[in-house]
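Following: one structure in C-alpha cells, then a few remarks.
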Amino acid sequence: MKKAAFILLALVTLGAPLLIAVEPTPAESIPPENVGDPAVYGEYPKNYKSVVLNWLADKLIDFASSQVVWGDPPKPSELPGKDGKRLVGYLVEFKVNSRNQFGAYTGMQKHGALIRDGKVIKATGFIF
C-alpha cells in the first residue's frame, strides 16, 4: 500500500497526467428520475466518480491524501453560469477531506460538480 501511495505521489509531483478509473454505475442501479433528456442535459455520466476524481487530482494540493465520500447518484440540474446564462448537466454531490498547503486536513467539506459530456463544467463549494 505504501508503495502504491509513493508511486501515485511521485506521478502527481512530477506533473504526470493522472487518470483514475472507477467502476461505472450499473445501468440497473440508476433511478429513472435521475436520468434527464440527453438533448438537454447530455448523456448520463455512468463514470461520474472517475470524472470527479480526475478533476480533483488537478485541483487539490495533496490529492493523494484526499478522502472522498459520495452522495446520491447524479441528478439533472441547472446552475447559474457567466452573463446570466444557465449551465445544464448532472450534479454530483460529495464530501472531500484533504490536506491544505500546511499539511493539515481541512475536515469533510460538502461540494458539488456539474458534469456534462464527461467533463466538470462547474463546481460548487470550492475556493481555489
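The set of residues in the range 44-83 that are within 14 Å of K122 (Cβ to Cβ), free of Cβ contacts under 8 Å to residues at least 40 places away in the same chain and surrounded by 16 or more Cβ atoms within 10 Å (Cβ to Cβ) contains only S77.
Just so you know, in the range 89-98 the residues that are over 24 Å from D37 (Cβ atoms) and in contact with a Phe, Trp or Tyr (Cβ under 6 Å, 6 or more places away or on another chain) include one that is surrounded by the most Cβ atoms within 10 Å (Cβ to Cβ), and it is F94.
Restricting attention to the range 82-128, the residues that are under 15 Å from V40 (Cβ atoms) and of a type in the set (G, A, S) total 1. With the structure loaded, tell me whether F102 is touching a helix residue (DSSP H, G or I) at 6+ places or on another chain (Cβ under 6 Å), modelled with pLDDT under 95 and not hydroxyl-bearing (S, T, Y) or whether it fails that test. Taking the combined requirement at face value, the residue does not satisfy it. Of the set (1) exposed (fewer than 14 other Cβ atoms within 10 Å of the Cβ); (2) in contact (Cβ under 8 Å) with a residue 24 or more places away in the chain, all apply to I115 but (1).
Only one entry in V69, V40, V12 is aliphatic (A, V, I, L, M), at pLDDT 90 or above and within 18 Å of the chain's Cα centre (by Cα), namely V69.
The values are calculated or read from the model by the stated rules, or taken from the named source; none is laboratory data. Just so we're clear, the structure is a prediction, and the values are computed from it rather than from any experiment. We place every Cβ from the backbone using ideal geometry, glycine too, and count neighbours over all the protein chains shown.
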